[in-house]
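Here the structure is laid out as structure tokens; the discussion comes afterwards.
Bear in mind that the values in this text are calculations on the coordinates, not laboratory data. Predicted, not measured: the structure shown is a model, and the values here were computed from it. We place every Cβ from the backbone using ideal geometry, glycine too, and count neighbours over all the protein chains shown.
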Amino acid sequence: MDPLTHVFLGAATGLAVCGKRLGPRAAVVGALAAFAPDADVFIRSEHDPLMYAEFHRHFTHSIAFTPVGALLIAALWIAWPKQRSDWRPIWFCAALGWLSHCLLDSATSWGTRLFWPFSDHRAGWDLIAIVDPTFTLILAAGVALALKWKEWRFTRASLFVCAGYLCLGGIQHQRALTAQGLLAVERGHDRALLRREMIRRGRTSSCGGRSTSTTDGFTVTASGLAFSRIRVCAREGHCRKSQRNN
């Protein structure tokens, strides 16, 4: 998602859970922690332009890294002697904000290494677009009302509405997939038949333990057909392939 949405989600989560103990500090801690995972955009190389695509939404977006990332954010407050007595709720608030970023990015279609280092799978649940003003405004309204009236229930209400919004997105996504599958069968574009035809006309390669066929700018995997001009496969740095189809 866009950085602004992450900031509001982190602030809303922090206030909803830790507002009673930390007060408005929870909004700042949660917002900063929710913003921080995207620091992976600075992982770049002049010699490898695809490094950004490989490491964006990588280890910084995993559940396993969340406690470490939260500690880095909490350290900004723990460094001040007056804040050290609250280091546990501050760290917990930061962990919630960081985790909210990971989960929200997984709800989009980009793909997030949510279960790194235990799995290379990129979670992409297709529940919401990368930018969704309605979702952002709901969170922003909850945070603004909570900070104005010092009533953290507003953030809980906004989070509840946003959760329902994501559920609705999941329902719509499944309806779209069902309609797409029915339309494909009606038009004779059965996935299994299409895959066999693409393999017959193209070529088959193996990357990362997964069979892939590429021809005429298309990539066919076991899950279906995807349009791709550039295909990059990276598995723990051992397998990497870039292919251009003209």
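Considering all different alpha carbon pairs of the stretch 3-171, the Kirkwood hydrodynamic radius works out to 16.2 Å.
Around Val143, what is the net charge, scoring Lys/Arg as +1 and Asp/Glu as -1 over all other residues with Cβ under 13 Å from its Cβ?
For residues surrounding Val143, the net value is +3.
Please state the relative contact order of the stretch 3-171 as a whole percent: Cα pairs under 8 Å, 6+ residues apart? Don't jump to the answer; show the numbers that get you there.
Numbers: 299 pairs, mean separation 44.0, N = 169.
Normalised by residue count, the contact order of the stretch 3-171 is 26 percent.
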